[in-house]
Amino acid sequence: MTLLDQPVGQLARQLPGATRVFHDYGIDFCCGGRATLRDSFAGREADLARLVAALEALPASQPGERDWQKASIGDLVDHILARYHAVHRQQLPELIRLARRVEHVHGERGDCPSGLAEHLEVMHQELESHMQKEEMILFPLLKRGSGHSAHGPIAVMRFEHDEHGEALARLMALTHDIQTPKGACTTWRALYAGLREFREDLMQHIHLENNVLFERAASEPPVSSELSLTSPIEGGVA
C-alpha cells in the first residue's frame, strides 16, 4: 500500500515527524485521521508529489521524541494530562485576555478578529468539560485496563473531538488562518503566536487520543470483569 492510500492518522503514528509535515500542508491528522492521505489532499494534486517526498524524506526517528505507541497506556495518559490538559488550562485564559484587548483597541480595523474572544471563551468551556470527563471517567477506566468496556465513552470523546476540530476551523476563519496583519501591535502579534501554538497543541492532543490511545485501548484484551455490560458508563461519559 502506498503512502497515499494510508489513513493520515496511521501515518502520523508511524512516521516520526509526519505531524509537522501535515501542519505545513494543512492536513487534518487528528479529527480527520481516518481519511486516506489522497482524500485529505483532494483538490491540491499539484503539490502531492512534494508532500509525498517530504514524508519519504523523514528520518526513522526524531531526536528526543518518544514513541508513544510503545509506551504503556498509563504512561500515555499521564503524558496527555501533563503536556496537554494542564497546558490548555494555562493557554486559553491568557488567549482570551489578549483577544479582548485586541478587539477593544483595534475593533475599528477591518482585519480585527471581531468575535474571537467570545469564541475562545466557548472553546474554553467546552474543552474544560471534555477534559474533566476524561479525567474523572475515561482515563481511570483505561488505566485500570478496562478499555474493552469503554466503547461508549470513547465514542463520545471522538464526537467531541470532531466538535473541537470545527471550533478550530472557526478560529482559523476569524483570524484569516492566524496570519498576523501588517502593522499589528505587540499584543496582536503575541495573541496570534499563542493561537498558533494552541492550535498545534490541540491537534497533537486529539491525535494522540484518537489515533494512539483509543486505538490501543480498543485492541487490548480484557484484564478483569469488574464492569458489567449494563454498567452506566457503557452508555456515555456525561
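The values are calculated or read from the model by the stated rules, or taken from the named source; none is laboratory data. Computed from a predicted structure; not experimentally measured. Cβ: placed from backbone, ideal geometry, glycine included. Neighbour counts: every protein chain shown.
When you go through A217, A190, A238 one by one, which is the residue that is modelled with pLDDT of 90 or more, out of contact with any Ser or Thr (no Cβ under 8 Å at 6 or more places or on another chain) and hydrophobic (A, V, I, L, M, F, W, C)?
A190 is the lone residue from the list that is modelled with pLDDT of 90 or more, out of contact with any Ser or Thr (no Cβ under 8 Å at 6 or more places or on another chain) and hydrophobic (A, V, I, L, M, F, W, C).
Could you tell me which numbered condition Q125 fails, if it satisfies all but one of (1) in a helix (DSSP H, G or I); (2) buried (at least 18 other Cβ atoms within 10 Å of the Cβ); (3) not basic (K, R)?
Tallying (1) in a helix (DSSP H, G or I); (2) buried (at least 18 other Cβ atoms within 10 Å of the Cβ); (3) not basic (K, R), Q125 fails exactly one: (2).
Is at least one residue of the stretch 200-212 surrounded by fewer than 14 Cβ atoms within 10 Å (Cβ to Cβ), modelled with pLDDT of 90 or more and assigned by TED's automatic domain parsing to the domain that holds P93?
Within the stretch 200-212, one or more residues are surrounded by fewer than 14 Cβ atoms within 10 Å (Cβ to Cβ), modelled with pLDDT of 90 or more and assigned by TED's automatic domain parsing to the domain that holds P93.
Go over the candidates S114, S146 one by one and state the one that is of a type in the set (S, T, Y) and under 18 Å from I178 (Cβ atoms).
Only one candidate qualifies: S114.
Name every residue in the stretch 171-199 that is outside any loop (DSSP other than H, G, I, E, B) and either among the β-branched types (V, I, T) or under 15 Å from the mean Cα position of the chain (by Cα) (or both), in order of residue number.
Correct list: L171, M172, T186, T187, L195, R196, E197, F198, R199.
Listed here are the residues, each with its yes/no results for (1) surrounded by fewer than 19 Cβ atoms within 10 Å (Cβ to Cβ); (2) modelled with pLDDT of 90 or more; (3) outside any loop (DSSP other than H, G, I, E, B).
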| residue | (1), (2), (3) |
| --- | --- |
| D24 | yes, no, yes |
| C31 | no, no, no |
| D39 | yes, no, yes |
| A42 | yes, no, no |
| A53 | yes, no, yes |
| G64 | yes, no, no |
| L98 | no, yes, yes |
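Which condition does E160 not pass, out of (1) crowded, with 21+ Cβ neighbours inside 10 Å; (2) touching a Ser or Thr at 6+ places or on another chain (Cβ under 9 Å); (3) of a type outside the set (A, V, I, L, M), if it passes all the others?
Exception for E160: condition (1).
Out of curiosity, is A46 more than 24 Å from R216 (Cα to Cα), assigned to a helix (DSSP H, G or I), out of contact with any helix residue (DSSP H, G or I) (no Cβ under 6 Å at 6 or more places or on another chain) and at pLDDT below 80?
yes
Would you check which residues across the stretch 167-193 are closer than 16 Å to E118 by Cβ and in contact with a helix residue (DSSP H, G or I) (Cβ under 7 Å, 6 or more places away or on another chain) and list them?
Residues satisfying the conditions are A167, L168, R170, L171, L174, T175, L191.
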